[in-house]
Structures are given as structure tokens and as C-alpha cells.
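Here is the structure we will look at, set down as C-alpha cells.
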There are 2 protein chains.
Amino acid sequence: MNLILLDADEWQADGQAHIGDPRRLRHLCEVHRANPGDELTLGRLGGGIGRGRLAHLDAAGAWFECDALDQPPPPALDIELILALPRPRMLARSLEHVTALGVKRITLLHTRRVEKSYWQSPELHPDKIHQHLLLGLEQARDTVLPEVRLATRFKPFVEDCLADDIAGRRALLAHPGMPAACPRGLEEPATLLVGPEGGFIPYEVEQLLAAGCEGIHLGPRILRVETAVVALLARLG
Amino acid sequence: MNLILLDADEWQADGQAHIGDPRRLRHLCEVHRANPGDELTLGRLGGGIGRGRLAHLDAAGAWFECDALDQPPPPALDIELILALPRPRMLARSLEHVTALGVKRITLLHTRRVEKSYWQSPELHPDKIHQHLLLGLEQARDTVLPEVRLATRFKPFVEDCLADDIAGRRALLAHPGMPAACPRGLEEPATLLVGPEGGFIPYEVEQLLAAGCEGIHLGPRILRVETAVVALLARLG
């Protein structure tokens, strides 16, 4: 937690802030070992960041006196991610990684090799997703939540949504065996598509290429989805 | 498990192979849903890879008939990693990620902000480390184990070992606030140094720069160690 991220109801215009949830209080006590008078970085969800002094801390909450929270959060990464829904634990970690890296739009997509049961996972509950996004923001000192969208059917998504999604963007389909290596340091907005463990099936690859995606690979090594997503975003970004 | 990695005693020169450990048998049954006659990719630890047919599978083991396991594993990444010892769960995942990415030498280093208790973790037992390296190799279809070295004291390591370690290599110290951005697509051998959560302390940064390391940063976002290591290796590699 490199940033204490304040919801609208945790912050007042006069610079007083208060948090009361057990997770962050425990983190303040056990990891920061914070004491009254300590300076910490705070930010307003969707807004600016700045410094605040811990005025009081007890089991009921932490009270801060903040400077103007008027510094901008770090720039977003202009790469949108379309990711075949990973298994629940990998989803949780992947959401945190990509949020920390600055992705602002994440589409979780059904594909043939996504197990249908994954769509029933409690990890997909909006509250759980929100929690993982917050962890990613707190890590990277960002304040701007990514948008997460669920696309539970492959064909309608590709036929009805993908063209609009990638209009004006470079669309890159990461898939083993594609002819081109993953480009480095893109200068233009992009959309990155990453398949499930086991990959997209050939029909899906055909559909995505026909829809205007460019096939890229990351070399001969097969990586776990969470490793591949970070590696691809780091190389592209 | 994209590769069944055979120890010397699991493989015979006539192409017969046998595995009997519960972890891989369960994976074969539950994930691969393998049946006799199925073709799978096998490799010899430290040697080549190739295809094998599952001849028999029961609770006691799986028997394969292999072709010549004579294809080379994927090329190694010529980047060595010197990593401040992460907390145990992050260590486990980081070892898998960097092994899958092809790193062949990993030094786990003590620094001021590494909690001393981490050195007592069961995750540092050679058998546990070996297990995580195997998981990384199985993922990436590699056969060549990385060497893992423990450097439990910072100053002796920097004074007595680092110069030899980085001779003929580009040594890159990843640390927030360093003046240069992380370079992309290195052509030369390199050694990457990554600090703990909370970073190297200023004294350590000074010592590492004085020892010939070049300071680099990955932008304004603070990343978890496991995310940062993958992002740095992907950008450098």
C-alpha cells in the first residue's frame, strides 16, 4: 500500500480524511508501523494525490490532515487489454498486475478453452474485482480505476464490439507461432489480446485476425497468463 | 505442465520413461486428461526435448515410449538476476516467473529492508527452491535448471563477489528515481539488480553504483517485486 486511496466519503474539502476499514488499518499498523505525526501519501479515488499527516490512530480508524491532494497520478498506459478469463486465482493476481501497470480498460472474454465454471467464480463479483483493482492502484500510487467489462460470448463480442473497440488503435493478438515478434515501445494507442492457458483455438485466431488484429509472439517459451500479460505490456509500453 | 521433465533415473536409453510422483500423475489425469496413446512433450533434465506416447497410466505411475529427445530447449535469456530476498510467497512465484523467462543464474541477496526472518523461511530449503524451478521449466518447456545462490550479507557480496559477477556484462540497477529509463532489447549479456519492497537504502544504491552498476528506472509507478522483475526482464530481453 504505497498510497492511501480515499473514497469520496472518506475525504473532506478542508483536508480532513478518515479511514476505518480493518484491512488498511492493519496495514498501517503492521507494515507501515505508522504513528501520529507520520507523513504518508494519500490520493482521492479518481483525483489527485499528495501528502497527509497521521493525526490519530486507534482501533476505530485513522485520521489524517492532508495537504492539497493536487498532484496528478502517474500517466495511464494507453494499452487496453482483452484477456481470456483466467482461472480465479490467476485472475485476481492479473487484475492487480495490469492495474499497477496502468491499463485502464480490461475486457474478460470467454473463449473455447476458458472453463465455463470460471464464470461462476466469486472472484468475478463486482466487489471482488473492485478490491483487486484498488490493490493495484494502491501499489502503483494511481487513483484512476480501470473499467472492467465481461464478454461472456466470443462470437457476439468479435462480431459486434471488437471493431469499435480497436478503431484508431493498433490491435495485437499475442499467440504462440504468429509470424511477428512483439513490438517494443509502441508510440500509438493499442489493444492487446491474450488467450487462455492452452491458447486461442485456430478458429478464434482466424476470427481475430480477420477482424483486424495483428498476430504477435513473445518467443518460443510458453508463459503462464499472468507472466505473459506483464511481459507483453512491459515490452509494448 | 507443458513439458514432462525427466530426471536421469526416470529415463532409459531405449526410450522408455516412467514417472511416479503424485503431483505430475494428478496433473496428467486431471488437467491433461491423458489416455494411453496420447502424445505429450517430454524432456530430459539438462538435455533435449521431444515427443513421447503414453503407454500405460495407473495410480502407480505413467509409462511413456519416447522418440529421441534430441530437440534443443529454448535459448536461455542472457540476463542474470540479483534479487533482494522477497517475502516467501513472492519468492516462490518470482522463481517460477524468472525461470520460465529463461534466466539461468539467480542470486538472492540480503539488504537492509529484507526482513531477517525471510532467511528462515522453509521456501529457501533447497528442495523447495528446486520445486519452483522445475515448475518454471515445465511451464516454458525448458530443461536447464537455473543456478540459485544465497548471499546472506550485503557488504561482503558487493565487495568480494559483485565485480567478478558483472565482469563482461552490463550491470543494471533497477531503482526508482534513477536518471535513465530501462533500456529495451539488450544485445549484450547483462546482470539485473532488483531491490526489496521499499527499495534499496541510499547507502546500498551508492555501493552498487560505485561497484559499476548503471542505475535504471521503470517509470513513476511503484510495482510489486514480482511484477517489476517480469516487466524489467521483458523489456531488457
Just checking, which of A:Gly37, A:Gly46 is within 20 Å of the chain's Cα centre (by Cα) and modelled with pLDDT of 95 or more?
A:Gly46
Among strands (runs of 3 or more DSSP E) lying entirely in segment B:43-100, which contain 3 or more residues that are closer than 21 Å to A:His97 by Cα and either open to solvent by less than 30 Å² (accessible area, probe 1.4 Å) or among the aromatic types (Phe, Trp, Tyr) (or both)?
B:79-84
When segment A:27-42 is checked residue by residue, the ones that are outside any helix (DSSP H, G or I), of a type in the set (A, V, I, L, M, F, W, C) and open to solvent by 60 Å² or more (accessible area, probe 1.4 Å) are A:Val31
Report yes if B:Arg149 is over 30 Å from A:Gly185 (Cα atoms) and at pLDDT 95 or above, otherwise no.
yes
Checking A:Val98, A:Val114 in turn, the sole residue that is farther than 21 Å from A:Leu5 by Cβ and either in contact with a strand residue (DSSP E or B) (Cβ under 7 Å, 6 or more places away or on another chain) or within 13 Å of chain B (Cβ to nearest Cβ) (or both) turns out to be A:Val114
When you go through (1) under 23 Å from the mean Cα position of the chain (by Cα); (2) within 14 Å of another protein chain (Cβ to nearest Cβ) one by one for B:Glu80, which number turns out not to apply?
(2)
In segment B:180-237, what count of residues is obtained for those that are farther than 23 Å from A:Cys182 by Cα, outside any loop (DSSP other than H, G, I, E, B) and within 14 Å of another protein chain (Cβ to nearest Cβ)?
2
Within segment A:128-179, can you find the residues that are closer than 15 Å to A:Glu80 by Cβ and within 14 Å of chain B (Cβ to nearest Cβ)?
A:Val144, A:Pro146, A:Ala174
Among the residues listed as A:Gly168, A:Gly177, A:Gly219, A:Gly215, the single one being free of Cβ contacts under 8 Å to residues at least 40 places away in the same chain, touching a strand residue (DSSP E or B) at 6+ places or on another chain (Cβ under 8 Å) and not charged (D, E, K, R):
A:Gly219
Restricting attention to segment A:188-198, which residues are modelled with pLDDT of 95 or more and either exposed (fewer than 14 other Cβ atoms within 10 Å of the Cβ) or not β-branched (Val, Ile, Thr) (or both)?
A:Glu188, A:Pro189, A:Ala190, A:Leu192, A:Leu193, A:Gly195, A:Pro196
Looking at segment B:159-193 only, could you name the residues that are small (Gly, Ala, Ser) and under 14 Å from B:Leu232 (Cα atoms)?
B:Ala171, B:Ala174, B:Ala180, B:Ala181, B:Gly185, B:Ala190
Per-region count, segment B:1-26, residues assigned to a helix (DSSP H, G or I) and surrounded by fewer than 15 Cβ atoms within 10 Å (Cβ to Cβ)
5
Within segment B:109-164, considering residues that are among the basic types (Lys, Arg), more than 18 Å from B:Glu197 (Cα to Cα) and not in a loop (DSSP other than H, G, I, E, B), the one most open to solvent (accessible area, probe 1.4 Å):
B:Lys155
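The values are calculated or read from the model by the stated rules, or taken from the named source; none is laboratory data. No experiment lies behind these values; they were computed from the predicted model shown. Neighbour counts run over all protein chains shown; Cβ positions are idealised from the backbone, glycine included. SASA here: full protein model, heavy atoms, side chains in, ligands and nucleic acids out. Shrake-Rupley method; radii C 1.70, N 1.55, O 1.52, S 1.80 Å.
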